[in-house]
Amino acid sequence: MDIIRWSGTYLHDKGIESGRLNAEHILAHVLETERFQLYMNFDRPLTKGELAKYRPLLRRRAAREPLQYVLGSAPFRNLGLRVDRRVAIPRPETEYLIDVLKRVAGEDRVFDSAVDVGTGSGAIAVALAAEGLATSVIATDISPAAISLARENAVAAGLSCIDFRLGSLLNPVSGLTFDLVLSNPPYLTEAEWLDTEPEVREWEPRLAMVARNAGLEVIRNLVKGLGGAVRPGGWVGLEVGSTQGEVVAGLLRAMPGFEDVGVHDDLAGRRRYVFARRIVGGNTETVPAVPAPIAREE
């Protein structure tokens, strides 16, 4: 308990508001236990070996390295994903993107094929497969490092047949069509990026978070390719910035062949999710091709 109290104050003095909570997470990680167990053993002395493991992690957090990078993992829905500086940290807002998908497309809808565009840590792709929301999943990313880490997360979840493809946006799946296209693309402006906390600005990959032209350049390029990627009756869902929802909805309404365009709130009431459905019977630009089905490793 003395270590937790001292560490909490130390981190707070370094500008970390939840210093004690961070210290508890780091100590629980070192001791390989749950955080609540710390308070059931509050009077247990730490060994020299435990302290030797704990101190460098505490110093990393004091340097404003994100807690998730220090711990090497981040929660996402029912998953524990490995994360490091190769990828942006998956956030609760992206978890809720999947809840909104289930609400607009139907709780029992299972998509024959899905693509996660700009997969990063693989969070969306792995969640879709793990929760049985899609029979087959492809994930794309422009970063080879991100693809490597996302593949590690899929294997760790026992999902060996998510197809990870390197390249920009929908380019790696040119010629394929899908029942579902989901994406959490870069949407921060340069000014917003510079205004973020040090944990974001100095540690997370800028490429995964910032876009030119008022934060909309990547989204505009993605929307342009949706006509040839979404099958009739299929859905597209995008997580966007808190001021971008109506603009992105307008882009989708201007695309021939899409209907049911809607902007949906996140849990804080910010209009962060844009969904649209491809008109049933609408023409696609490519012949449908079905990727391999999801397989779990026993």
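The values are calculated or read from the model by the stated rules, or taken from the named source; none is laboratory data. The shown structure was predicted, so the numbers you read here are calculated from the model rather than taken from an experiment. Cβ atoms come from the backbone with ideal geometry, glycine included; neighbour counts cover every protein chain shown. Just the protein is used for accessible areas: all its heavy atoms, side chains included, with ligands, DNA and RNA removed. Shrake-Rupley method; radii C 1.70, N 1.55, O 1.52, S 1.80 Å.
Numbers for the structure displayed
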quantity	calculated
Using θ = phi - 60° and Karplus 6.51 cos²θ - 1.76 cosθ + 1.60, couplings along segment 191-202 (whole Hz; Gly, Pro as x)	5, 5, 4, 5, 8, 6, 5, x, 4, 8, 5, 9
Per-residue SASA entry for Arg5, accessible area with 1.4 Å probe, Å² rounded to 10	130
By accessible area with a 1.4 Å probe, ligands and nucleic acids excluded, highest first: order of Glu152, Glu204	Glu152, Glu204
Exposure of Arg60 as accessible area (Å², to 10), given a probe of 1.4 Å and all protein chains	90
Gained length - Ala191 relative to Thr9, 0.36 nm times residue gap less alpha-carbon distance	62.4 nm
Probe 1.4 Å, protein heavy atoms only - accessible area per residue of segment 16-157 in square angstrom	45
Potential lengthening between Met1 and Ala28 on full extension [0.36 nm per residue; Cα-Cα distance subtracted]	8.5 nm
For segment 90-142: rounded, prolate or oblate by the Cα gyration tensor [a/c cutoff 1.5]	oblate
Exposure rank, largest accessible area first [His29, His264; 1.4 Å]	His29, His264
Given the chain, longest segment not containing exposed loop chymotrypsin sites (Phe, Trp or Tyr not before Pro) (DSSP; at most 14 other Cβ within 10 Å)	43-298
Accessible surface, 1.4 Å probe, highest first, among residues Asp43, Asp108	Asp108, Asp43
Accessible carbon and sulfur surface of the chain relative to its total accessible area, %, 1.4 Å	52
Residue-normalised accessible area of segment 167-209, given per residue in Å² at a 1.4 Å probe	44
Assigned charges on the beta-carbon of Lys, Arg, Asp, Glu; the chain dipole about Cα centre (debye)	500
